[in-house]
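Reading through the structure tokens given below for one structure.
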Amino acid sequence: MPPGDSVTVNPDGSVDLFVFPEGVSRDGMNIHVPADMIDDLIRRYEAASAALGKPWGEGDEFAEQMEKVLGPLQTNLMTYLGYIAEALRMSADNTILTAKNFQVTEEANIAQIAGTAGGSETGGGGRR
């Protein structure tokens, strides 16, 4: 089975699960990409917003009403996007940690199989 495939359906209909720790770790690192894109989006928005000022103006009743409605919406949207970026980073870190745990488990299983095969690794162990 090529690396990256995680499930094999056998001719009898049974299913084998396969974990490729290196692939899981690599994919976990890739989760940082959208988080970085969101951070960049927030930075560009804040820079453009600061340069333009308030698009609805200032000092009149219309501007006050728009600020009451749209001001919090803009703030909340940027806060929400920041939370999404943080959640993506946490997911990436936990995915990488899971890959490391899979690797440690695999190494422990190989050592266990080697121990039951008389001290050699010829017992046919490995990823399952």
>> Can you pull out every residue in region 24-66 that is assigned to a helix (DSSP H, G or I), open to solvent by less than 60 Å² (accessible area, probe 1.4 Å) and in contact (Cβ under 8 Å) with a residue 40 or more places away in the chain?
In response: Val24, Ser25, Gly28, His32, Pro34, Ala35, Ile38, Asp39, Ile42
>> Let me confirm something: among Thr105, Thr75, which residue is closer than 30 Å to Val33 by Cα, of a type in the set (Ser, Thr, Tyr), without any contact (Cβ under 8 Å) to a residue 12 or more places away in the chain and surrounded by 11 or more Cβ atoms within 10 Å (Cβ to Cβ)?
In response: Thr105
>> Need the failing condition index for Val19 against (1) loosely packed, with under 11 Cβ neighbours inside 10 Å; (2) at pLDDT below 90, just the number.
In response: (1)
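The values are calculated or read from the model by the stated rules, or taken from the named source; none is laboratory data. The model shown is predicted, which means the values in this text are computed figures rather than measured ones. No Cβ is skipped: glycine too gets one built from the backbone with ideal geometry, and neighbour counts run over all protein chains shown. Heavy atoms of the whole protein, side chains included, go into the accessibility calculation; ligands, DNA and RNA do not. Shrake-Rupley method; radii C 1.70, N 1.55, O 1.52, S 1.80 Å.
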